[in-house]
Amino acid sequence: MAQIQIGHELRRGVSELDGEGEVTGGIVVIRYGANALRTISGVKAKLKDLQAGLPPGVELVVTYDRSGLIQRAKQRFMWIVPLTLLLVMALLYQNFRNLGKAFLILACLPLSLAGGFWLVYWLDYRFSVAVMVGFIALAGVAVQFGLVMLPYLDQAIAEFTRAGRLLNREDLRHAIVQGALLRIRPKMMTASVILAGLIPVMPASGAGADVMKRIAAPLVGGMVTAPLLSLILIPVGYVWWQGKSLPAPPETQPAAI
């Protein structure tokens, strides 16, 4: 019915280069989790050493090099991150019309990102472009937490002022605590929804999962610290800032027996 025979073996390691004839080719495979830029630099140094021992007319030519792409991405992030912070600062000032409030939110931002740094370190992820994208997204969420917190604090202070109860720093502390307590449930709901959407990404293993996990890791870690620290640091900083214009609470005298 049919004739089956073993044909010629495939030619391996031979390819065409720029239409100038056949050349012997090869690829460099990097270990999982290794630093790509450091590996490429090491390969280039080794090729340079090998080139010195080759006969005349034989040379090693690199046809694909990722180091330029990596360097350009690093240089781009060197100005994208400061530009992002400046834009966030401008938007905060436009919202509050107060530099002090804008600086208060930005001052708490590094500590709010601490959870993302810890999770990235624990997972042994390199500080890649995907991780940087995750941190930029986390910074936006952390700023949003502070952006929504301050109006509640101002509202509580205004209520105490209208009631004639804002007489000293202790009254201010009570007002701010009352305003911060109103934000606990909304913050926990926001963080829970974000975690519910991102945690399934972490154990994924399909196509593109490595990149997605590195984007999600800062957000997953940051959703643990950002809500908690915004509930603590921003109210504490607000008490210190607003309390400078108020007198200290009167000292209580022990009752005579």
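Read-outs: derived from the displayed coordinates by stated rules, not from any lab. Predicted, not measured: the structure shown is a model, and the values here were computed from it. Every residue, glycine as well, gets a Cβ built from its backbone with ideal geometry; the counts of neighbours run over all protein chains shown.
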Problem set entry | Efficiency of FRET between ALA204 and HIS174 - r from beta-carbon atoms, R0 41 angstrom, step 0.05 | 0.30
For this session: Could you work out how far helix 67-96 tilts from the main Cα principal axis of the chain, as a 0 to 90 degree angle to the nearest 10?
Result: 20 degrees
Exercise. According to a simple spin-label model (label point 7 Å from Cα along Cα-to-Cβ), what is the distance in nm between ILE27 and ARG165?
Worked result: 6.9 nm
Exercise. Taking the chain as a Gaussian network, where each spring joins two C-alpha atoms under 10 Å apart, which residue of TYR125, TYR152, TYR32 fluctuates the most?
Worked result: TYR32
Exercise. Dipole size in debye (nearest 20) for the chain around its Cα centre, Lys and Arg Cβ +1, Asp and Glu Cβ -1?
Worked result: 640 debye
Problem set entry | Among ALA52, MET132, GLY25 the positive-end extreme of the charge dipole of the chain (Cβ point charges) | MET132
Problem set entry | Long pairs among LYS44/LYS74; LYS101/LYS213; LYS74/LYS187, criterion Cα-Cα beyond 24 Å | LYS101/LYS213; LYS74/LYS187
Exercise. Mind listing P(r) for the chain? All alpha-carbon pairs, 5 Å bins, whole percents.
Worked result: 1, 5, 9, 11, 11, 10, 9, 7, 7, 6, 5, 4, 4, 3, 2, 2, 1, 1, 1, 0, 0, 0, 0, 0
For this session: Tell me the label-point distance for the pair GLN3, LYS244, using the 7 Å Cα-to-Cβ offset, in nm and rounded to one decimal.
Result: 9.7 nm
For this session: Sum -39500 (n - 2.57) across every DSSP H segment of at least 4 residues in the chain, then divide by the residue count to get the 222 nm mean residue ellipticity, nearest 500.
Result: -22000 deg cm²/dmol
Problem set entry | Label-point separation, LEU228 to ASP124 (7 Å along Cα→Cβ), nm | 2.6 nm
For this session: Multiply the residue separation of LEU91 and ALA36 by 0.36 nm, subtract the distance between their alpha-carbon atoms, and state the gained length in nm to one decimal.
Result: 16.1 nm
Exercise. Hey, what angle do you get for helix 209-242 against the long axis of the chain, alpha-carbon based, 0 to 90 degrees rounded to 10?
Worked result: 20 degrees
Problem set entry | Cα-based convex hull volume of region 115-204 per residue, rounded to whole Å³ | 108 Å³
Problem set entry | Helix 184-198 axis, angle to the chain major axis (alpha carbon atoms, nearest 10°) | 10 degrees
